[in-house]
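What follows is one structure encoded as C-alpha cells, with my remarks underneath.
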Amino acid sequence: MKMNCFGKQNGAVLILMFVGLFMAGATVVLTALNNRNPQLRENARVQAAMQEAKQALLAYAVMYNNEFVGSGPGRLPCPDKNNSGESEEGVDCAGAAFGRLPQRHTLPFGALVEFGNLYAGIDQQFWYAVSANYRHPVVPTSPLNSSTPGTLTLDGDEVVAVIIAPGQALGTQSRIPANVNSSVHYLDSANSGGTNFVSLDAISPETFNDRLLPIRRRELMTLVTARVAQEIKRVLDPADPYPDVATFETAMAAAGGWYITDGWDARVIYTQDSPRAQVQFTDCNIVYVLTPGEPDLLRTNSTSC
C-alpha cells in the first residue's frame, strides 16, 4: 500500500511540476505576445494608412483629366519636396519625383484632395516616389498610356510609384530638424536613393525597418483603361449600331484631345460586334464591351490588366 501511495504521490508531484512549468512557460509566451501587441497594432495602423493613401492616389490618377484640362487620366501628384504638406506645383514640380507623400493637393478648381497625414505631427510623414513619366507635369510632355513603363523598381520589378513608411531611426540616422528632407536619415538601404527600392536588406536585416507599398502599372491601368473606354463610348454614342474600324478611327481622330496626345489611338484594339463593339488595349488583358444606349461597360476575359 505504501508503495502504491508513494507512486501516486510521485505521480501527483510530477503532474504538479509539469503544470507549474507549463504555466510558467505560458506566462512567458503571453507576456511576450502582450508586449508585442502594441507593435502589432501599430503595424496594422500603418499598413491601413498606406492602403488609404494608395487608394487616394489611384482615384486622383483616374480623375486627373477632369481637373487638368487637356491632360488624360493616369497621372499622379508630385511629391512634397519641402515637407510643407502640399505637393509641388509649377517649376518646382518639374524635378520632383521623390520626397514626402503630400498630405493634400489643391486642384485647379479649388477642390482639395487628401492623401493622408499619419505621423506628420512627429516628422514621420510617409515618403513617396513617382515615375517621372507618370507624375503631374507642368505641361504634359510625353504620352501616357497602357504601354508606358514605370521608371522605378521594387525588388527588381517595375513599378509606377512607391509609398514608404520609415521605421525608427537606425544606425547613423539623425532626425533633427535640419535633416527633415534628407532621405538617408529616414529610409534604409537603397531606398534613400529614390529609384530602385527594396523591401528588405538580406545582408544587414538588422539595419532595415522600412515598409513599402507599390503602385504597379497593371493596377493603375486597370482603372485608367476603363476611363479611356468610357471616352470612346462617349464619342461613339449615339450611333447605333457602332461603326466599323475605319469609321471608328476617323471619329476618334476628329475628337482629338488627350486620346490622341497620350497615344491611345495607337494602343486601342477596336472590334465591331454589331450593334456593339469591343475594345482592348495593348499590354492590358481586359476586353471592354460597349453597347449602344447602355451607360455601363461590360468587362470580359479579365478583371485586371
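Out of curiosity, is residue 82 part of a helix (DSSP H, G or I), modelled with pLDDT of 85 or more and within 26 Å of the chain's Cα centre (by Cα)?
The answer is no for residue 82.
Just one of (1) more than 21 Å from the chain's Cα centre (by Cα); (2) buried (at least 21 other Cβ atoms within 10 Å of the Cβ); (3) of a type in the set (Gly, Ala, Ser) trips up residue 165, so point out which.
For residue 165, the failing item is (1).
Please work out which one of (1) closer than 13 Å to residue 183 by Cβ; (2) in a loop (DSSP other than H, G, I, E, B) is the condition residue 69 fails and give its number.
(1)
Take residue 239 and decide whether it is part of a helix (DSSP H, G or I) and not assigned by TED's automatic domain parsing to the domain that holds residue 75.
no
Which condition number does residue 247 fail, the rest of (1) among the polar types (S, T, N, Q); (2) free of Cβ contacts under 8 Å to residues at least 24 places away in the same chain; (3) part of a loop (DSSP other than H, G, I, E, B) being met?
(3)
Given the criterion among the β-branched types (Val, Ile, Thr), at pLDDT below 95 and out of contact with any helix residue (DSSP H, G or I) (no Cβ under 6 Å at 6 or more places or on another chain), identify the matching residue among 282, 207.
From the options 282, 207, the qualifying one is 207.
Could you identify the single residue in 146, 189, 142 that is more than 18 Å from residue 50 (Cα to Cα), at pLDDT below 95, of a type in the set (Gly, Ala, Ser) and surrounded by 17 or more Cβ atoms within 10 Å (Cβ to Cβ)?
One residue alone meets the criteria, 189.
If you take the residues of segment 259-302 that are under 24 Å from the mean Cα position of the chain (by Cα) and of a type in the set (A, V, I, L, M, F, W, C), which of them is surrounded by the most Cβ atoms within 10 Å (Cβ to Cβ)?
In this case the residue turns out to be 264.
Looking only at segment 124-140, decide whether some residue is more than 22 Å from residue 66 (Cβ to Cβ), under 15 Å from the mean Cα position of the chain (by Cα) and part of a loop (DSSP other than H, G, I, E, B).
Yes: segment 124-140 contains one or more residues that are more than 22 Å from residue 66 (Cβ to Cβ), under 15 Å from the mean Cα position of the chain (by Cα) and part of a loop (DSSP other than H, G, I, E, B).
I'm trying to understand the selection: among the residues of segment 192-213, which are touching a residue at least 40 places away in the same chain (Cβ under 8 Å) and either over 20 Å from residue 42 (Cβ atoms) or among the β-branched types (Val, Ile, Thr) (or both)?
Selection gives 194, 195, 196, 197, 198.
What single numbered condition from (1) at pLDDT 95 or above; (2) within 30 Å of residue 225 (Cβ to Cβ); (3) not hydrophobic (A, V, I, L, M, F, W, C) fails to hold for residue 151?
Single failed check for residue 151: (1).
Can you list residue pairs whose Cβ atoms sit under 9 Å apart, with the first residue in segment 56-73 being more than 19 Å from residue 90 (Cα to Cα) and the second being of a type in the set (Asp, Glu) and surrounded by 15 or more Cβ atoms within 10 Å (Cβ to Cβ)? Count only pairs 6 or more apart in sequence or on different chains.
Going by the 9 Å Cβ cut-off, the qualifying pairs are 58/219; 73/231; 73/262.
Taking the criterion of being free of Cβ contacts under 8 Å to residues at least 40 places away in the same chain and in a helix (DSSP H, G or I), would at least one residue in segment 156-170 satisfy it?
No, because not a single residue in segment 156-170 is free of Cβ contacts under 8 Å to residues at least 40 places away in the same chain and in a helix (DSSP H, G or I).
Residue-by-condition table, conditions (1) within 30 Å of residue 98 (Cβ to Cβ); (2) modelled with pLDDT under 95; (3) assigned by TED's automatic domain parsing to the domain that holds residue 292; (4) within 22 Å of the chain's Cα centre (by Cα):
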residue: 177; (1), (2), (3), (4): yes, yes, no, no
residue: 227; (1), (2), (3), (4): yes, no, yes, yes
residue: 230; (1), (2), (3), (4): no, no, yes, no
residue: 248; (1), (2), (3), (4): no, no, yes, no
residue: 251; (1), (2), (3), (4): no, no, yes, no
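Quick check: anything in segment 257-264 out of contact with any Phe, Trp or Tyr (no Cβ under 8 Å at 6 or more places or on another chain), within 22 Å of residue 67 (Cα to Cα) and free of Cβ contacts under 8 Å to residues at least 60 places away in the same chain?
Yes; the residues of segment 257-264 include at least one that is out of contact with any Phe, Trp or Tyr (no Cβ under 8 Å at 6 or more places or on another chain), within 22 Å of residue 67 (Cα to Cα) and free of Cβ contacts under 8 Å to residues at least 60 places away in the same chain.
Here's the yes/no breakdown for (1) surrounded by fewer than 14 Cβ atoms within 10 Å (Cβ to Cβ); (2) free of Cβ contacts under 8 Å to residues at least 24 places away in the same chain:
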residue: 215; (1), (2): no, no
residue: 222; (1), (2): no, no
residue: 234; (1), (2): yes, yes
residue: 237; (1), (2): no, no
residue: 242; (1), (2): no, no
residue: 251; (1), (2): no, yes
residue: 254; (1), (2): yes, yes
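The values are calculated or read from the model by the stated rules, or taken from the named source; none is laboratory data. These numbers come from a predicted model, not from an experiment. Cβ coordinates were reconstructed from backbone atoms using ideal geometry, including for glycine residues, and neighbour counts include every protein chain displayed.
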